[in-house]
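Chemist: Handing you this structure, nothing more for now.
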Amino acid sequence: METADVFQTSPIQKVTSHGHYRVLVLHGGWTLERDMSLESGRGIINALKTLGHSVEAFDPPRNLQEIVKGICNSFDGSGPEVIFNMLLGGEGEGGTIHGVIELLGIPYTSSGVHASAAAIHKGFCRSIMKDVGISCPPGRVMSLQEYKDKGWSYPHIVKAPLEGSSISVSFVDNNDKRNKVISNWSYGEDILVEDYIPGREVKIAVYGGRAMGAKESTFKAPIYDYQTRYTKGAAQHTISPTLPPDVSKQMHMWAELAHKTLHCRGITVTDFRYNPDAPVGNQVYFLEINTQPGFTENSSVPHIAKHYDWSFADCVAFVLDEAIKTRL
C-alpha cells in the first residue's frame, strides 16, 4: 500500500520574531555554480529586506585579502552582524569561507566548517553515512588513472567528489561512454564511482534537524544530471509523493540522521534513490546531503516548504534565525 508522504508528527515552527540586523549576503563567487548562487542571492536579498533587515550583497573574488576587506568594509565600515552565505560549490560551500568567517567572529548561515567540509566530499560523506547505518550505493573514490585501467561494472555513475548541483555526474553503461568521461574529465585526479541504482529520485528537506517533507523528480534520462536539472521541461516534480509508508519513514529518518550526524544546522536537502523492485530492506540508498542548497523560487527548499504553507521569506527567516541562535 502506498500513501502520500505525511511524515511530520507536528508542524515545524516558523520564526515569528525577526529582529533587525545588518545582513551581508555572499553570492556569486568563482565556482561552476556561480549563476545559481547569484540567482539564489537575489531572492534572499529581497526576502531579507521584506523581513526588515538592512542588507548588502558581496560577490567575493578568489582572494583572501579581498574577501576579508569586502566583509569588514561593508555597511560603511561597521561590518555585518550576520552573514548569509549563499556561495555554492567548492570553497564557498565546503568549509573554507566558513573558516574565514569563523575567524572574523561573525555569525553565518548554513552548517559550520566541519559539517560543510564533510558533506561536500562525497567519498568521505559516504563513509560517515555507512558508519551510522545509512545505505549507500556500492562504490568508492579512486584515481582517474585507476578508473581508466580497471573500469567498473556497467551500469554505473561517475561523479566528481567535490562538485555539486549534478555537475560532473554521468551515467555510464558501455565502453564508449566510459572513454568519453575519461577524455573530458576536468575535475581533478579523483573520481567517485558508484553502482547505478534504478528507480525513483526523492529529496528530503530537513529544517534544524527535523524533516519538513519530500520532493520527487521524474525524468526520462537514467539520472538527474546537470542537463536534466536545468533544462526546462526535462523533469517533473511532485511534493509529498506517494510512497510506501515504511519507505517514506526510512528516507525521512535517514535525512534527519545525516543532518544530525554531521552536526549540520539550518536547512539541508538529502537525495535518495528508491528502487521498488529491490528486496525489502534494500530499496533506499543515500546519494548525498546538500548543506547549502540553492534558494531560487524553483529550488527544492522553497518548493517543499510552500506545500506546508511556508513562504520563501519564511524559509529565509528560519535559516537566518538558526545562524543567530548559534552565536547566542
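Values quoted throughout were computed directly from the atomic coordinates according to the rules given, and no laboratory measurement underlies them. Keep in mind that this is a model prediction, so the values were computed, not measured. Because the Cβ atoms are built from the backbone with ideal geometry, glycine has one as well, and the counts that use them run over all protein chains shown.
Chemist: Would you kindly derive the ³J(HN,Hα) couplings of the range 207-216 from the backbone phi angles with the Karplus curve 6.51 cos²θ - 1.76 cosθ + 1.60 (θ = phi - 60°), listing them in order in whole Hz, with x for Gly and Pro?
Modeler: 10, x, x, 10, 5, 7, x, 10, 9, 9
Chemist: Scan the range 269-328 for GluC sites (Glu not before Pro) in coil per DSSP, keeping those whose Cβ has at most 16 other Cβ atoms within 10 Å, and list them by number.
Modeler: Listed in order of number, the matching sites are GLU297.
Chemist: Over all directions, the average projected area of the alpha-carbon convex hull for the range 15-144 comes to how many nm²?
Modeler: Mean projected area for the range 15-144: 10.2 nm², to one decimal.
Chemist: Of all DSSP beta bridges in the chain, what percent run antiparallel (nearest 5)? Can you show the working numbers first?
Modeler: Working: 40 of 50 bridges.
If we restrict to bridges inside the chain, about 80 percent are antiparallel.
Chemist: Between 0 and 90 degrees, rounded to the nearest ten: what's the tilt of helix 122-131 against the longest Cα principal axis of the chain?
Modeler: For 122-131 against the chain, the angle is about 80 degrees.
Chemist: What number does the chain give for Rg over Rh if you use C-alpha atoms and the Kirkwood radius?
Modeler: Numbers: Rg = 19.6 Å, Rh = 20.3 Å.
Expressed as Rg/Rh, it is 0.97.
Chemist: Pull up all non-local amide H partners of TYR108: gap of 5 or more, or a different chain, and H-to-H distance under 5 Å with H placed in the peptide plane.
Modeler: Here ILE83 satisfy the definition.
Chemist: Under the rule a/c < 1.5 gives rounded, and otherwise a/b versus b/c splits prolate from oblate, where does the range 3-82 land using the Cα gyration tensor?
Modeler: oblate
Chemist: So what's the Cα pair-distance distribution over the range 217-322, bin width 5 Å, in %?
Modeler: 2, 10, 18, 23, 22, 16, 7, 2, 0
Chemist: Listed here are the pairs LYS130/LYS215; LYS215/LYS249; LYS220/LYS249; which of them are more than 19 Å apart at the Cα?
Modeler: LYS130/LYS215; LYS220/LYS249
Chemist: Considering all alpha-carbon pairs of the range 91-228, what whole percent are spaced by more than 25 angstrom?
Modeler: Percentage above 25 Å: 35.
Chemist: Hey, can you grab everything whose amide H is under 5 Å from the amide H of GLU288? Only 5+ residues off in sequence or another chain; H modelled, so Pro and N-termini drop out.
Modeler: Hits under the 5 Å cutoff: ASP271.
Chemist: Show me, for the range 167-181, the HN-Hα J-couplings you get by feeding each phi into the Karplus relation (A = 6.51, B = -1.76, C = 1.60, θ = phi - 60°), rounded to Hz, glycine and proline as x.
Modeler: 5, 6, 6, 9, 9, 10, 10, 7, 5, 4, 5, 5, 5, 5, 4
Chemist: Based only on Cα atoms, what mean projected area does the convex hull of the range 51-128 have, in nm²?
Modeler: 5.8 nm²
Chemist: Using the Karplus curve 6.51 cos²θ - 1.76 cosθ + 1.60 with θ = phi - 60°, what ³J(HN,Hα) values do you get for each residue of the range 149-158, in whole Hz, with x for Gly and Pro?
Modeler: Values per residue, Gly and Pro as x: 6, 10, x, 7, 4, 8, x, 8, 10, 10 Hz.
Chemist: Express in whole angstrom the spacing between the alpha-carbon centres of the range 72-124 and the range 140-162.
Modeler: Their Cα centres are 31 Å away from one another.
Chemist: Between the helical axis of 34-50 and the dominant principal axis of the chain, each derived from Cα atoms, what acute angle in degrees is found, rounded to the nearest 10?
Modeler: In the chain, helix 34-50 runs at an angle near 40 degrees to the longest axis.
Chemist: Which residue, GLY213, GLY90, GLY133, has the most motion in a Gaussian network model of the chain that connects Cα atoms within less than 10 Å?
Modeler: Among GLY213, GLY90, GLY133, the largest GNM mean-square fluctuation belongs to GLY133.
Chemist: Can you list residues from other chains, or at least 5 along the same chain, whose modelled amide H is less than 5 Å from the amide H of PHE295?
Modeler: Those qualifying (amide H under 5 Å, at least 5 residues apart or on another chain) are SER40.
Chemist: Explain nothing, just the number: dipole magnitude of the range 41-161 about its Cα centre with +1 on each Lys and Arg Cβ and -1 on each Asp and Glu Cβ, in debye rounded to the nearest 20.
Modeler: Dipole size: approximately 600 debye.
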